[in-house]
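Chemist: The structure follows.
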Amino acid sequence: MNKVGIVGVGTTSFKARWLEKTYYELAYDAAKLALEDAGIDKKEVGGVVYGIYNEFFERQFMPDVYIHNYIGMGLKPSVRVATGGATGGAAVFVGWTWIASGLYDIVMVLGVEKATDNYNYTVGHSTPETLKAILFSGDMTFENPMGLTAAASYALPLIAHINKYGTPTEKQMAMVSVKNHKNAMNNPIAQSPKLLTVDDVLNSKMITYPFKFYDNCLYSEGASAIILASEKVAKALSDNPAWITGVGLSLDKAFAGERDDITIFTSSLYAGRDAYKMSGIKNPRKELDFAELHDAFTGAEILSYEAFNFCKPGDGGKLIEDGVVEMTGDLPVSPSGGLIGCGHAVGATGVMQTGEAALQVQGRAEKRQVKNARVGLVQSIGGPATAWTAAMIVERQDKIKGKGVKGARVKAKVKSARRKR
């Protein structure tokens, strides 16, 4: 199996509304940034994996076809991935398989979403219309008629967890919101950078118990792309590539009531185990330097601490109270600001997070840089009641065992793009 490196990262700003851009124009901008960052031409790309969650958002049932044409990738192989909030991470997983299998040497993974154009492109539409579109990801026979929203879907395991362990408390969840909004202040693409207090969060409007307004991420518009490369090409392109050393993908039972233990994000538990095993991580609390978790809701971040074995079940709230997951803590979580601070441009989110992890281990994360970041975890969650999880381990080059392929023969055009970062 081939090693897979990340050699290019490009992300647009995440905004409430990109009125001046279509979804394919946003995709073009992210692709251009990633190609420039990798130092290659689009002709070098062997194939493209698209992460686009919701056809209603784009007002187009096959949006990848038009993006593929617009960014100049005609006749190259492509596939579209749609796994709810996990779309971006699952797209990275598919791109990883294309490189790891030896099928291609260079693959672009491109995620994009326009969340407010599906009703009327000129005028846009309200939050209820957006939520109505998302409801189509739930069961249409029973759940949809009952009005189950994304927030309510996430609330189910959280309420069960609170009933069993008494945590997380509202204050602990509020502390996650304060942390991630603050982290976003160091991220130039973030949608919601701001200084909040715990009281600001606790006093904000109730959305769905136990989530208040500031416990929720915002729906965003934006695009993100990364360039994946085989070992020989990655080393030819960069003196400092990031490496995806472990991956995991899991899909739980569709209905939360059918699961063995609703208090744990079981798909994250399984995906994390696979990613840890592949990368050789045995003690994630000690071996990980940071994590980009899927904090669509504050309580989800806390339950993810437990699913990924940062602590014992029921102890997740202590990690935020003790400062472990702060930027100055032992295991910073969501230095980018996460979904709560940066935004959630659904198909682009997991791609953005993976790109952020690459920037961290390359030492290129600027003001949001974690000191001595060598290895990080990326999580994407999606589907009804957190059914989907994609997990990736991203590491710095000097963490990879073995000397790799020496003297690899690479196209002269690719070799000429070699540069330091």
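Computed from the coordinates by the stated procedures, all read-outs in this text should not be read as laboratory data. Nothing here was measured: the structure is a model prediction, and the numbers come from that model. Glycine also receives a Cβ, built like all others from the backbone with ideal geometry; neighbour counts cover every protein chain displayed.
Chemist: Could you run the Karplus curve 6.51 cos²θ - 1.76 cosθ + 1.60 with θ = phi - 60° over the stretch 226-239 and give me ³J(HN,Hα) per residue in whole Hz, x for Gly and Pro?
Modeler: Here the 3J(HN,Hα) series is 10, 10, 9, 9, 5, 4, 5, 6, 4, 6, 6, 8, 8, 7 Hz.
Chemist: Please report, in debye to the nearest 20, how large the charge dipole of the stretch 4-399 is about its Cα centre when each Lys and Arg carries +1 at its beta carbon and each Asp and Glu carries -1 there. Intermediate values should be presented prior to the final figure.
Modeler: Numbers: 36 positive and 43 negative charges, 76 e Å.
That gives a dipole near 360 debye.
Chemist: Under a Cβ-Cβ cut-off of 14 Å, what is the net charge of the residues other than S192 that fall near it, where Lys and Arg count +1 and Asp and Glu count -1?
Modeler: Taking every other residue near S192 into account, the sum is +1.
Chemist: Among bridges DSSP assigns within the chain, what percent are antiparallel (round to 5)?
Modeler: That works out to approximately 70 percent antiparallel.
Chemist: If r is the Cβ-Cβ distance from L75 to D41 and R0 is 25 Å, what FRET efficiency results, to the nearest 0.05?
Modeler: With a Förster radius of 25 Å, E is 0.95.
Chemist: Take the chain, drop everything but the C-alpha atoms, weight them equally and run the Debye formula without solvent; then report log10 I(q)/I(0) at 0.08, 0.13 Å⁻¹ to two decimals.
Modeler: Calculated log10 I(q)/I(0) at the listed q: -0.38, -1.05.
Chemist: Right, here's the next one. Within the stretch 15-58, list the GluC sites (Glu not before Pro) lying in a DSSP loop whose Cβ has at most 12 other Cβ atoms in a 10 Å radius. Walk me through the numbers before you get to the answer.
Modeler: Details: sites: E20, E25, E36, E44, E55, E58; in loops: E20.
Passing sites in the stretch 15-58 are E20.
Chemist: Which of I264, V198, G74 sits farthest toward the positive end of the charge dipole of the chain, with +1 on the Cβ of Lys and Arg and -1 on the Cβ of Asp and Glu?
Modeler: Of the listed residues, the answer is G74.
Chemist: Once you have the Cα-Cα distance between A100 and R364, take 0.36 nm times their residue separation minus that, and quote the gain in nm to one decimal. Intermediate values should be presented prior to the final figure.
Modeler: Values: separation 264, 0.36 × 264 = 95.04 nm, distance 2.51 nm.
Here the answer is 92.5 nm.
Chemist: With θ set to phi - 60° and the Karplus curve 6.51 cos²θ - 1.76 cosθ + 1.60, what are the ³J(HN,Hα) couplings of the stretch 366-382 in order, to the nearest whole Hz, using x for Gly and Pro?
Modeler: Values, residue by residue: 6, 5, 9, 5, 7, 4, 6, 5, 10, 8, x, 10, 10, 10, 10, 10, x Hz.
Chemist: Can I ask one more? Go ahead and run the numbers for FRET between K371 and D322, Cβ-Cβ distance against an R0 of 25 Å, rounding to 0.05. Walk me through the intermediate numbers first.
Modeler: Numbers: r = 19 Å, r/R0 = 0.75.
Result of the calculation: an efficiency of 0.85.
Chemist: OK, next. For a quick check: sort Y50, Y165, Y24 by the number of other beta carbons within 10 angstrom, fewest at the front.
Modeler: Listed from fewest to most nearby Cβ atoms, that is Y165, Y24, Y50.
Chemist: Please name which of V176, A86, P210 has its Cα lying farthest along the dipole of the stretch 4-399 towards the positive end, using unit charges on Cβ (Lys, Arg +1; Asp, Glu -1) and the Cα centre as origin.
Modeler: The residue sitting most towards the positive pole is V176.
Chemist: Could you compute the net charge surrounding D260? Neighbours are other residues with a C-beta less than 13 Å from the C-beta of D260; K and R count +1, D and E count -1.
Modeler: -1
Chemist: Still on this structure, I have one more. Mean-square fluctuation check for the chain, GNM, Cα pairs under 10 Å: which of K32, K43, K132 is largest?
Modeler: With Cα springs under 10 Å in the chain, the top fluctuation among K32, K43, K132 is at K43.
Chemist: So how do S334, S153 line up by other beta-carbon neighbours within 10 Å, fewest first?
Modeler: If I rank by nearby Cβ atoms, fewest first, I get S153, S334.
Chemist: Which of the residue pairs K76/K371; K3/K164; K76/K114; K114/K277 have a Cα-Cα distance greater than 32 Å in the structure shown?
Modeler: K76/K371; K3/K164; K114/K277
Chemist: Here's another thing I want to ask about it. Note the full-extension length gain between M206 and A160 as 0.36 nm times their separation in residues minus their Cα-Cα distance, in nm to one decimal.
Modeler: Length gained between M206 and A160: 14.7 nm.
Chemist: Taking the Cβ of each residue in T354, T12, T266 as the centre, tally the other Cβ atoms inside 10 Å and list the residues starting with the fewest.
Modeler: T266, T12, T354
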